[in-house]
Every structure is written in C-alpha cells, then in structure tokens.
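A quick write-up on the structure given underneath.
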Amino acid sequence: MSRVPSPPPPAKMSSSPAAESWCHTEIKVVKFSHMWTIGNFSFCRQEVGEVIQSSTFSSEANDELKWCLRVYPKGVGEESKDYLSLYLLLVSSPKRIFLAKFKLSILNDKGEQIKSLESHRAYGFVQGKVWGFKKFIPRDVLLDEDNSLLPDDKLTLFCEVSVVQDSFTISGQNTMKMVKVPECQLADELGELWENSWFTDCCFCVAGQEFQAHKAILAARSPVFRAMFAHAMEESKKNRVEIIDMEPGVFKEMINLDKMADGLLAAAEEYALERLKVMCEEALSRHLSEENAADMLTLADLHSAHQLKTRAVDFTHSHAEDVLESKGWQAMVASHPHLVAEMYRSLASSRGACLGPPHKRLKQSSDPAWYFPEAAATVAAIEHLVDSTICGVFVCCRGKSASRLKAMKIH
C-alpha cells in the first residue's frame, strides 16, 4: 500500500507563501509490458491492409483491461504500403475512457531495443480503440539483413504501457502559526524623502520650477544621472541641473513613477530608465484603440519602444479597416511614410506565421490577402498609400508630428 503524502515540513516551506490549509493530489499510474515474437516473418501475409494480431495481455493490477498488438506487415493502407504499421488495441474494458501512454519497440537478437516509437501524451482508449503508428518502420530497413532486425526470420516486438488507474486528493490544515513578515515599505519611504525634501543634495530646475532631489538615489536608478554626477561636469560641481526640454509635471511624475505614460515614455528614453520605459509601454498598450493606434505606433517608433510598437502593429492588423479611417493614420501617412511601408511588410510576412492543422488546400497567389480575407481591403489601401508616398505625394513633416504627439493624452 502506497504511503499517504503529508504536507512539507516548515523548513521546506520557509521560502514559499504561507498558507493556512493545503491539499495534495496523486494520480496513480500502472505500468506493464508485453513481448510478442512472430516466427517465419517473411512468410507473413503480403497484401496491404492484412493484419496479424497478438494474444491478449493485461496488468496484474487490473485484469479487466485486455490489450493486444496489431501489426500490418505491408502497411495499413496505400499511404503506408512501404512500411510496417504497428498499433496497440484495447480489446475489452469497463464502459469508460482510460488514459494511457505507450512505447512500441523492435528487439534485435541481443534483446536490445533497436527501433522505438512512443506516444508523447496520454491517449484516450475505449473498448475497440487503437492507437499506434502507420509508418512504424520502412520495410526495406526491416528486411535488410545488415540491420539484424529479423534474426532467424523472427520479428520480436516489445510493448510498454502506462495506464491511469485512479486519483485521490488529501487535504489538511497547517497547525503551526506562521511568522508574518511585514511588507517592504522601501518604495514608500524613499517617496517620502522626495515629497518632503529631506536630506536633499541636488536641485533640478525644470522650466523655471525647482525640485530638490538625492544624487545617490538618482544615480542608482539612471546611468545618465550616474554619469552626470560621477564626472567633473557642471551639474556635478554646482549640484544643480537645468532641464529645458521637459514639462515640470512630467519630470515630477518621472521621479515618482506614476502617471502621464505618453510624456514619461520620452523622459524614460532620454534618461535610460528602462523599467519606467517598459511600465509606460505596458500602460499605453492597455489603452490602444482604433483612433489612437497610429499615434501609438508613431510614438513607439520615435522612442524605440519595441514592445509598444509590436502591440500597436498587432492591434492594427486585427482592426485594420477602422484604423485606416482614423485621423491618426492619415497624419502618420504624411509624417512617417516609412511606418506605412513597415505595416505593409508586416502584414505580408505574417502569412508565413500561420500554423495549424492541415485543412483543405487553398489556391495560393502572390496576393498576401489570400490567407486573411478580411485584410484584402487593408492591403489594397496600404499598397495605394505606399505607392503614393514613393511618388512624392506625401511629405514627411516630423516637426508637426512631434508637436501633435506632445499634446496627446491617454485616458
């Protein structure tokens, strides 16, 4: 009888979250094997689809399940006529599904497994159900004497089966009182240093507004600030930094890691605050819409926000018709035509990424919309915009785009 599992001792649980209760589920698997030898194999039936069946076998733990092997010396059908096909059959069982994994092998004259194939997941067996391999081994390989797979004209097959028998769950309560460790308040405490200007040692002047700060904390968070204070720069000597290309509100939120994700993205890029940059990308991605998808794509391109750019491209693919009608898209066509070309290439290349089970073969063409019917109008529209851009109809106006993006707010 198997031992009933018990909860792990406290020493092993020290690095895990504390829990007042626990449970453990055990799935019982029965393993057994069977060997089948076929003498004078070269005299076996030679027609496609003709089968030889072994005697039935079962495990000692459950003799209600009767199994057997089926071999098709010349394949189970025309597709496998140049192969030996090998299957495992559940001959009889109670009226329910049994999950099982199996491994089928050919043994040589030394009892070694020379050719083996196994299921990589548990298959459902009911009475009369077979699973196996229609192309188990090529016939020319099997019959080649140099491979020693038919010593004395005998084919020896070995079958290993693992069947799910049942499962059980036990549960209980932890009797020991756990020591509750307070949550870390470091972020809040550092925030209080900033909000109350305690022990500050440098000053930032942003558009005429002064902010007191701490050089050590800024240097730890940003390689740009670290270099600024570490070298004999003007800012390091005077402990005063002038910032002229940022709004005071954006600077304050950059230090606090709070809101205004679009403005913060530019600041995070400028001062190499990678974690803040990713946080901004994640916040902006949550607010993608048909109206702002093109604006997001342009913003991501300006600040090398690769994750936001990928999300914007994917969103445009799935909402192409509405995005192409938006004012943001029209502005992007005029100011950033290279992004329009990128969108076209992305849409076309995504055809190769479509994977799945085989379906009825479709007629392929050079038109990338053949696999994506709802994108046909999109592709045609993008092609028109790209052609117009190449002909010089649209003029790139990065200055206008930058101004518009600066004023953009995400709600």
- Item | Qualifying positions in region 212-222 - modelled with pLDDT under 85 and either in a strand (DSSP E or B) or not assigned by the TED database to the domain that holds Glu247 (or both) | Ala213
- Item | All helices (runs of 4 or more DSSP H) inside region 261-324 with 3 or more residues being polar (S, T, N, Q) and modelled with pLDDT of 75 or more | 306-318
- Query: Could you say whether any residue in region 34-46 is among the basic types (Lys, Arg), assigned by the TED database to the domain that holds Leu90 and either modelled with pLDDT of 80 or more or surrounded by 14 or more Cβ atoms within 10 Å (Cβ to Cβ) (or both)?
  - Reply: no
- Message: Yes or no: region 91-99 includes at least one residue that is crowded, with 18+ Cβ neighbours inside 10 Å, over 35 Å from the mean Cα position of the chain (by Cα) and of a type outside the set (Gly, Ala, Ser).
- Response: no
- Item | Subset of region 199-217 (residues that are more than 13 Å from Phe229 (Cβ to Cβ) and either in contact (Cβ under 8 Å) with a residue 60 or more places away in the chain or charged (D, E, K, R) (or both)) | Glu210
- Listed residues Thr156, Thr169; which is closer than 30 Å to Glu78 by Cα and in contact with a Ser or Thr (Cβ under 8 Å, 6 or more places away or on another chain)? Thr156
- Only residues that are among the polar types (S, T, N, Q) and closer than 18 Å to Gln330 by Cα: list them for region 268-317, please. Ser289, Asn292, Thr298, Thr316
- How many residues are open to solvent by 40 Å² or more (accessible area, probe 1.4 Å) and either of a type in the set (A, V, I, L, M, F, W, C) or without any contact (Cβ under 8 Å) to a residue 40 or more places away in the chain (or both) when one looks only at region 158-192? 19
- Selection from region 106-123 of residues that are surrounded by fewer than 20 Cβ atoms within 10 Å (Cβ to Cβ) and within 23 Å of Thr37 (Cα to Cα): Asn108, Asp109, Lys110, Gly111, Glu112, Gln113, Ile114, Lys115, Ser116, Leu117, Glu118, Ser119
- Selection status of Arg70, farther than 30 Å from Val181 by Cβ and assigned to a strand (DSSP E or B): yes
- Item | Residues of region 300-315 classified as within 18 Å of Ala341 (Cβ to Cβ) and either of a type in the set (D, E, K, R) or crowded, with 24+ Cβ neighbours inside 10 Å (or both), total | 4
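The values are calculated or read from the model by the stated rules, or taken from the named source; none is laboratory data. Note that this is a predicted model, so its numbers are computed, not measured. Note: ideal-geometry Cβ built from the backbone for every residue, glycine included; neighbour counts use all protein chains shown. Remember, those area values only see protein heavy atoms, side chains included, never the ligands or the DNA or RNA. Shrake-Rupley method; radii C 1.70, N 1.55, O 1.52, S 1.80 Å.
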